[in-house]
Every structure is written in C-alpha cells, then in structure tokens.
Ligand code: A2P
C-alpha cells in the first residue's frame, strides 16, 4: 500500500457470510487454505464469529491481515473511536491492519456527509498514528467523495474498496485512485455469482483450463486490483486461491472489460437509503 505496509494480494470476503458457525468455519477453512487476509465489517454482523475463526486457525496474529469497516450510523469523531473499540472487542484483536469508512454518504448524514467523513477520518488518523491501525482507507467512494475527504485529510487513504468485476469496471474511480496511489480492492469480484455463466467468460476459462471464477479473479490481479472473493464452500475457497499459473492475454482482458452484465444494477452511493 502507499504507506509501505504489505497487504496479501487476495483477501477472503465475508459479506453475507452467516454469523455463527458458518462464519467461524469458513474463516478457519480459508486460513487453512492459505488466505492470510480476511475482510469483514461491523455491518456484516459477523465480527465475533470471524474473530473466533481467526483464533481457531492457530496462525500467528502478525501473519494475518485483518480489515473491518466503520458503519454509517457511527460517522463522526467520537462515534468512530467508539465503533472502532467495539469492532476490536468483537474481533478479539488488539490492533487492526486496515480500517475503512464503509460508505461515503449515509442517509442519516446526507446534508452534512462531508463534515462527518472529515471527522471520522481525523479519528482514524489518530488511531493510525497511535499504532492501533496499520492502514486506513475508504470503501464505495467515488471521485467527488474523495475530493472532499482530501481537502482536510492529512493521511491519504491507502485503499478504496469498490464493487469491481468483469463488465463492472468503474473506470473513472479506478483512474482517480491510480493517479493518487490508492490501492483498489474489488468486492463482489465474481459479480456475486451472476456472471459466471456468461458465454464469453466461460470460453476464456475453458481455453485456460480454469474456472470462470478463477478468470474473474485473475482479471482483478492483472489490473492490480485486490480481489475479495466470498465463499462458504470449502472447494471454492481453495479454487479461488489457485490463480497464479495462467495469464490472460490483452485481448481477453479487453473482452472481459466489456462483458455483458445485463440485469446488474448500478448502485449510487449518494442515493442509498441506509
Ligand atoms: P458460496 O458462498 O455458496 O460458495 P462475490 O465474491 O462476487 O460476492 O460472489 C460470491 C458468490 O459466488 C457466492 O454466492 C458464492 O457461493 C459464489 N462463489 C464463490 N466462489 C465461487 C466459485 N469458485 N465458483 C462458483 N461460485 C462461487
């Protein structure tokens, strides 16, 4: 990342991973399959179970990279510090690797969201400087949200975690972040399982003897995006790490860029009702 901290190049996503045994087991299985990077969020409602899976893995804390996120109801200086403490308690951790502002523009702060982000960011900068967080960043931020944040930020975000998959390419946000050395993390890198049967994607996968999911994740890596695939299926958890024995051609990358994603809906963070 732009602050010199290393981040494992594939992360295990836990959005909509059911709280309880499912979350604990899948995190433990992911770590046993070789993942060293786990991504959760206060709003996923599974931080405690994720923390349990981390402890059950038996892997040294310092060899793992853990991300969680500040939820919309906690924006503001004091609330951010409190929410951070709650997340840490739930996860059972004494430091965090990456803390993200989950959404730029919560419905409840719509008329003052820029001020709220500035306050949250100040709190996060303090936690970062105090060594409680190794890197701080944002999620779902579009260029205008970042422009506003950067007016008062002293620390440039290390990461912007956005929705990215073949056909859903967020070109302007990607360019903006690249120009400022902000690492792009890709959530829903498999298009939430909606694109994996698309003919063009299946054809590329067959040519390389890989699965469509592996092609999506390889597409991320070749763009220098950090994919966060989610799965609760042990065989898929393993499959989603087996990405380093093939290379997509320029032509295949172009085909994937414009993959047909008809039926998918663009979600505008400025209009979210949460
Ligand atoms: P499951 O968790 O039941 O294994 P995304 O990461 O884009 O949000 O996609 C997650 C969805 O894709 C989940 O429904 C997950 O199902 C499914 N999935 C994850 N890995 C694979 C894979 N390798 N092949 C097919 N589907 C997958």
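Just so you know, all these numbers are worked out from the coordinates, no wet-lab data involved. Keep in mind that what you see is a predicted model, and the values were worked out from it rather than measured. We place every Cβ from the backbone using ideal geometry, glycine too, and count neighbours over all the protein chains shown.
Spacing of the modelled spin labels on residue 95 and residue 257, each 7 Å from Cα toward Cβ, amounts to 4.0 nm. The label-point distance for residue 125 and residue 203, in a model that sets each label 7 Å from Cα toward Cβ, rounds to 5.1 nm. Normalised by the number of residues in the range 50-207, the average gap of Cα pairs under 8 Å and 6 or more apart makes the relative contact order 18 percent. Here's the picture: a label point sits 7 Å out from the Cα of residue 86 along the beta-carbon direction, and within the range 40-65 the residues with their amide nitrogen under 18 Å of it are 40-51.
Between residue 152 and residue 48, what length comes free when the chain is fully extended (0.36 nm per residue of separation minus the Cα-Cα distance, one decimal in nm)?
Numbers: separation 104, 0.36 × 104 = 37.44 nm, distance 3.33 nm.
Result for the pair: 34.1 nm of gain on full extension.
For the range 139-238, the relative contact order is 25 percent, taking Cα pairs closer than 8 Å that sit 6 or more residues apart in sequence and dividing their mean separation by the residue count.
Report relative contact order for the chain in percent, whole number only (criteria: Cα-Cα under 8 Å, sequence separation at least 6). The partial results should precede the final answer.
Numbers: 487 pairs, mean separation 54.5, N = 274.
The value is 20 percent.
As a test, work out the antiparallel percent of DSSP beta bridges whose residues both lie in the chain, rounded to the nearest 5.
Working: 1 of 25 bridges.
DSSP beta bridges in the chain are roughly 5 percent antiparallel.
Cα extents for the chain along the principal axes, largest to smallest and rounded to whole angstrom: 53, 42, 35. Roughly how tilted is helix 143-152, in degrees to the nearest 10 and between 0 and 90, from the longest Cα axis of the chain? The angle comes out at about 30 degrees.
What is the gain in length, in nm to one decimal, between residue 192 and residue 246 on full extension, counting 0.36 nm per residue of separation less the C-alpha to C-alpha distance?
Taking residue 192 through residue 246 to full extension adds about 17.1 nm, to one decimal.
Taking the chain as a Gaussian network of alpha-carbon nodes connected by springs under 10 Å, the highest mean-square fluctuation of the residues 191, 209, 45 belongs to 209. Annotation for residue 274 and residue 32: the two label points, set 7 Å from Cα along the Cα-Cβ direction, are 3.1 nm apart.
Counting DSSP beta bridges in the range 72-222, what percent are antiparallel, to the nearest 5? The partial results should precede the final answer.
On the way: 1 of 13 bridges.
Antiparallel bridges: around 10 percent, rounded to the nearest 5.
The peptide list 17-27, 253-263, 166-176, put in order of mean Cβ contacts within 10 Å with the highest first, becomes 17-27, 166-176, 253-263.
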